[in-house]
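Structure first, commentary second.
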Amino acid sequence: MKGGRRMTVTIERWGDNDLPLLERSNTPEMTAHLGGPETPEQLVERQARYLRLWETGEARMFRIEVDGVPVGGIGYWKVEHDGVPAWETGWNVEPEWQGRGIAREALRLVIRRIVDDGTRTLLVAYPGVDNPGSNALCRGAGFEHRGSDTMPWRGGELTFNTWMLDMSPLDLEGREPDMEETFRGPGLDVTRWSPFYLPHWASRATTEARWSIGDAGLELRIDGDTPPWPPAIDGELRVSHLQTGQFSGPVGSGIGQHRFRDGLTVREEQPEQRLWLAHHGVMDVRLAAIRHPDAMVAFWPVGFEDRPENCGELCIAEIFGAELDDDGGWVGVGVKPHHDPRLRADFEKIRVDGDLTRFHDYAVEWSPERMRFFIDGRWVKTVAQSINYPVQLMLDVYEFPRADGTRDTAALPHVLRVRRVRTFPPG
């Protein structure tokens with residue numbers, strides 16, 4: 001934010017007139033982690049190299065702009081890392097613009113371009129060990145730290161960290177699921193699915209899903225007469241939902257799964273159910289979203305929560321109907337800690353081209369060290385932290401209340417279509 005207004009960060013191709021931007025970045029302050037300023041002759045050569053390497057396809061250099069104002073630079077260029085073709089990236093932001101998330105957004109834009117390019121799936125960065133900002137930026141973008149080293153640099157030595165971001169596609173070749181649900185019917189498999197949405201905070205009577213199973217798989221539905229799930233604590237929100245586990249404490253206690261706000265108490269004690277829990281490996285779903293401003297669909301496994309801190313969420317797909325358009329839409333992926341103090345929020349909305357009301361695949365590859373998220377098999381995000389306890393699967397369609405209290409009854413039912421859910425053991 002600048003002056004109370006949201007800034008728009010863009011990256012633009014480095015041009016013939018961008019030598020002054022290099023000159024502004026060539027101060028002792030800006031080059032403190034790079035061995036100091038370059039000479040004017042070296043800057044002219046660098047400017048020419050940026051332009052030349054773009055033409056040869058060896059590098060892509062960009063101006064970072066905020067609301068059209070140049071504030072720094074970022075780019076990526078071809079390297080080999082341990083014999084593997086890779087891109088290397090680096091960046092700078094002028095001092096008066098630092099601390100506002102500009103480099104983070106510019107790096108996110110670069111990563112999206114590299115994914116779209118598709119020619120190399122490994123991105124590396126080598127910030128100096130004494131550069132806390134750049135190292136934190138790598139960590140926050142999902143890079144994994146792979147050690148440090150020292151090399152000669154500008155007449156001295158540079159000790160740097162090695163950060164790697166694996167953007168390779170999801171590879172399930174030769175792997176068999178340990179559980180697979182294709183919703184072939186004739187009814188819902190109650191050994192896997194409980195058709196109630198957090199019933200301990202309300203009741204089974206008000207939280208039971210509306211569903212059907214046909215040739216296309218599962219349909220989770222919000223109808224005209226679907227009641228709000230718990231009006232006393234969540235207003236007019238309507239939900240149709242399946243989950244694969246259930247845990248709660250006794251009536252009157254605050255012990256229960258998914259404590260989405262403070263002060264919740266159990267209203268209807270539920271039997272413990274461990275129907276289909278996962279712990280590391282791959283989870284994927286094939287579903288079709290709903291294009292309507294009142295609707296949202298989601299697949300978000302959450303901690304079984306038999307201990308209060310075991311409540312983190314792996315958000316594999318969260319799609320708001322208001323964020324779909326004729327060309328595509330936004331899909332939320334990442335990690336939400338809820339009440340798990342060991343996790344930090346790392347959630348991002350990814351732009352996806354195409355009709356998201358058709359079936360698409362959404363997946364996570366989950367290890368003890370990291371979580372890699374995919375859409376239609378294509379890498380979209382890495383979170384360099386992990387949830388290290390069992391999670392239960394959650395499938396949802398929501399209808400959000402309008403401010404004026406009306407409902408678009410002509411658009412009902414809102415239907416989430418799901419063709420398949422799978423889990424794979426660690427590979």
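Farthest toward the dipole's positive end in region 97-232, which of Thr150, Ser212, Val115, given Cβ charges of +1 (Lys, Arg) and -1 (Asp, Glu) about the Cα centre?
Of the listed residues, the answer is Thr150.
Under a Cβ-only charge scheme (Lys and Arg +1, Asp and Glu -1), can you give me the dipole magnitude of region 9-166 about the Cα centre, in debye to the nearest 20? If you can, show how the numbers build up before the last one.
Values: 17 positive and 25 negative charges, 68 e Å.
Value, rounded to 20: 320 debye.
Put one equal scatterer on each alpha carbon of region 63-113, apply the Debye formula with no solvent term, and list log10 I(q)/I(0) at q = 0.16, 0.28, 0.30 1/Å to two decimals.
-0.50, -1.07, -1.17
In the Gaussian network model of the chain, springs joining C-alpha atoms below 10 Å, which of Arg154, Arg63, Arg120 carries the largest mean-square fluctuation?
Top of the fluctuation ranking is Arg154.
Based on DSSP H runs of at least 4 residues, each adding -39500 (n - 2.57), what is the mean residue ellipticity at 222 nm of the chain after dividing by all its residues, to the nearest 500 deg cm²/dmol?
Computed mean residue ellipticity for the chain: -4000 deg cm²/dmol.
Under the Karplus relation 6.51 cos²θ - 1.76 cosθ + 1.60, θ = phi - 60°, what is the ordered set of whole-Hz ³J(HN,Hα) values for region 238-247, x standing for Gly and Pro?
10, 9, 10, 7, 10, 9, 10, x, 7, 8
When every alpha-carbon pair in region 258-361 is counted, what percent end up more than 18 Å apart?
The share of Cα pairs beyond 18 Å in region 258-361 comes to 57 percent.
Determine Rg/Rh for the chain; Rg is computed over alpha-carbon atoms and Rh is the Kirkwood hydrodynamic estimate from the same atoms.
For the chain, the value is 1.03.
Over every pair of different alpha-carbon atoms in region 164-306, take the mean of 1/r and invert it; report that Kirkwood radius in Å.
In region 164-306 this quantity evaluates to 17.2 Å.
How do Glu305, Glu269 rank when sorted from fewest to most other Cβ atoms within 10 Å of their own Cβ? Each step should come with its number before you reach the end.
Working: Glu305 25, Glu269 15.
Ranked by crowding around the Cβ, least crowded first: Glu269, Glu305.
With labels modelled as points extended 7 Å from the Cα through the Cβ direction, what inter-label distance (nm, one decimal) is found for Arg113 paired with Ala48?
2.3 nm
Compute the semi-axes of the equivalent ellipsoid of region 9-166, taking the square root of 5 times each eigenvalue of the Cα gyration tensor, and list them largest first in whole Å.
On the way: eigenvalues 90, 74, 58 Å².
Over the Cα atoms of region 9-166, the ellipsoid semi-axes are 21, 19, 17 Å.
Two decimals, Cα atoms only, Kirkwood Rh: what is Rg/Rh over region 179-424?
Reported Rg/Rh, Kirkwood definition of Rh: 0.94.
Quick check for the chain: number of Lys pairs with alpha-carbon distance under 26 Å, counting only pairs 8 or more apart or on different chains?
5
Could you list Cys138, Cys311 in order of exposure, starting from the residue whose Cβ has the fewest other Cβ atoms within 10 Å?
Cys311, Cys138
Starting from 0.36 nm per residue, how many nanometres of slack lie between Glu58 and Asp306 once their C-alpha separation is accounted for?
Extra length available between Glu58 and Asp306 comes to 84.0 nm.
Among Glu105, Glu365, Glu157, which one shows the highest mean-square fluctuation when the chain is modelled as a Gaussian network with alpha-carbon springs under 10 Å?
Most flexible of the set in this elastic network: Glu157.
Among all helices in the chain defined by DSSP H, which have a length of 18 Å or more along the axis from Cα atoms plus a Kyte-Doolittle mean of at least 0.0?
What comes out of the filter, once short or polar helices are dropped, is 102-117.
Just how large is the dipole of region 179-424 about the Cα centre, in debye to the nearest 20, putting +1 at every Lys and Arg Cβ and -1 at every Asp and Glu Cβ?
420 debye
Along each principal axis of its Cα atoms, how long is region 125-228 end to end? Whole angstroms, biggest number first, please.
For region 125-228, the Cα spread along each principal axis is 74, 38, 23 Å.
Running a GNM on the chain with Cα contacts under 10 Å, which residue among Asp166, Asp262, Asp116 ends up with the highest mean-square fluctuation?
Asp262
With just the Cα atoms defining each centre, how far is region 262-332 from region 369-427? Give it in Å.
That distance is 5 Å.
Going by how many other Cβ atoms sit within 10 Å of their own, how do Ile233, Ile350 line up, fewest first? Each step should come with its number before you reach the end.
On the way: Ile233 16, Ile350 19.
Starting with the residue having the fewest Cβ neighbours, the order is Ile233, Ile350.
Assign unit charges at the C-beta atoms only (+1 for Lys and Arg, -1 for Asp and Glu), then state the dipole size of the chain relative to its Cα centre in Debye, rounded to the nearest 20.
So the dipole magnitude of the chain works out to roughly 360 debye.
Throughout, read-outs are computed from the coordinates displayed, never taken from laboratory work. This is a predicted model, so every value here is computed, not measured. Don't worry about glycine lacking a Cβ; one is built from the backbone with ideal geometry, like all the others, and counts go over all protein chains shown.
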